[in-house]
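Trainee: Could you have a look at this structure, given as structure tokens, before my questions?
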Amino acid sequence: MANFGGRPTFLGRVGRVIGPLATPRTFRLCLGSQKTYFSFEYLHGAVGDAQLEEWPATLEALRALAPRSRIWAVVKADAYGHGLAAAVRGFAEADGLALVEFDFALRLRELGWRKPVLLLEGAFEADDVVLARTHGFALTVHEAGQIEWLASLPPGPPIEVHLKMNTGMNRLGFAPDCCVAAAARLAGLPAVGA
């Protein structure tokens, strides 16, 4: 640990801090000598530049910082252009992978990924809920229609869901005053697991 701008910052063998970004809580972490752009949230939203072969060491460093936390890698947009095959190899020790696209989630399974997969925007249509159940994908639930699709499922294995609350970005999520009702509705559905 080091101190940069009055805040503790991890330096370690994985990288070096090269300067603050927009806020005192945001740092730019440079990993490796070549700059292959790969972003991850790290200590209050820092941005990291990493080479593919450094992804496992990055995960190891994050685990050291948050040993009781589950660490998921976000690999949307074909792992930010690096390819899902590289993501499966580089993030083999991650607790799960998260992305938006159902076709890429299916590709992860084809590539042998058996750990959890979270679809960050959830189902786009009722058939997606069936697809999620079939392949063991977790779904983000951010609007009432998605709850109704889950409610209409026939009996079968439960689907893990993550309830998303709109905290001010106004892109996705239930309004804060609607979250309790949405959570209660989800909790009462047989199709919904943990």
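Every read-out reported here was derived from the displayed coordinates using simple, explicitly stated rules and does not represent laboratory data. What you see is a predicted model; the values in this text were computed from it and never measured. All Cβ positions, glycine included, derive from the backbone under ideal geometry; neighbour counts span all protein chains shown.
Trainee: Size of the dipole of segment 101-170 about the Cα centre, Lys and Arg at +1 and Asp and Glu at -1 on the beta carbon, nothing else charged, in debye to 20? Show your work: numbers first, answer last.
Mentor: On the way: 6 positive and 10 negative charges, 79 e Å.
Value, rounded to 20: 380 debye.
Trainee: Could you calculate the contour length gain from Thr134 to Asp78, that is, 0.36 nm times the residue separation minus the distance between their Cα atoms, to one decimal place in nm?
Mentor: Values: separation 56, 0.36 × 56 = 20.16 nm, distance 2.18 nm.
Length gained between Thr134 and Asp78: 18.0 nm.
Trainee: Full-extension gain between Ser152 and Glu125, please, as 0.36 nm times their residue separation minus the C-alpha to C-alpha distance. Let's see the in-between values first.
Mentor: On the way: separation 27, 0.36 × 27 = 9.72 nm, distance 1.22 nm.
Going from the current span to full extension adds 8.5 nm.
Trainee: How do 51-61, 146-156 rank on mean C-beta neighbours within 10 Å, highest first? Each step should come with its number before you reach the end.
Mentor: Values: 51-61: 18.4, 146-156: 16.1.
Averaged packing, sorted descending, gives the order 51-61, 146-156.
Trainee: Name the long-range amide H neighbours of Leu120: under 5 Å, sequence gap of 5 or more, or other chain; modelled H, no Pro or chain starts.
Mentor: Leu99, Val100
Trainee: If each of Glu93 and Ser69 carries a label point 7 Å out from its Cα toward its Cβ, how far apart are those two points in nm?
Mentor: Distance between label points: 1.6 nm.
Trainee: Sorted by mean Cβ packing within 10 Å, highest first, what order do the peptides 107-115, 78-86 take?
Mentor: Numbers: 107-115: 14.4, 78-86: 16.8.
Top of the packing list down: 78-86, 107-115.
Trainee: Right, something else. Roughly how many debye, to the nearest 20, is the charge dipole of segment 51-95 about its Cα centre, given +1 on each Lys and Arg Cβ, -1 on each Asp and Glu Cβ, and no other charges?
Mentor: Values: 5 positive and 6 negative charges, 42 e Å.
Using only the charged Cβ atoms, the result is roughly 200 debye.
Trainee: With both bridge residues required to lie in segment 38-194, what share of the DSSP beta bridges run antiparallel, to the nearest 5%?
Mentor: Details: 0 of 14 bridges.
Looking only at bridges with both residues in segment 38-194, the antiparallel portion is about 0 percent.
Trainee: In addition: Need one word for segment 64-194: rounded, prolate or oblate. Basis is the Cα gyration tensor (sqrt eigenvalues a ≥ b ≥ c); a/c below 1.5 gives rounded, then a/b vs b/c decides.
Mentor: Details: a/c = 1.79, a/b = 1.42, b/c = 1.26.
Prolate, because a/c is 1.5 or more and a/b exceeds b/c.
Trainee: Also, I was wondering about something else. Working out 0.36 nm times the residue gap between Met165 and Ala181, then minus their Cα-Cα distance, what length gain in nm do you get to one decimal?
Mentor: Values: separation 16, 0.36 × 16 = 5.76 nm, distance 1.18 nm.
Once the chain is fully extended between Met165 and Ala181, it gains 4.6 nm.
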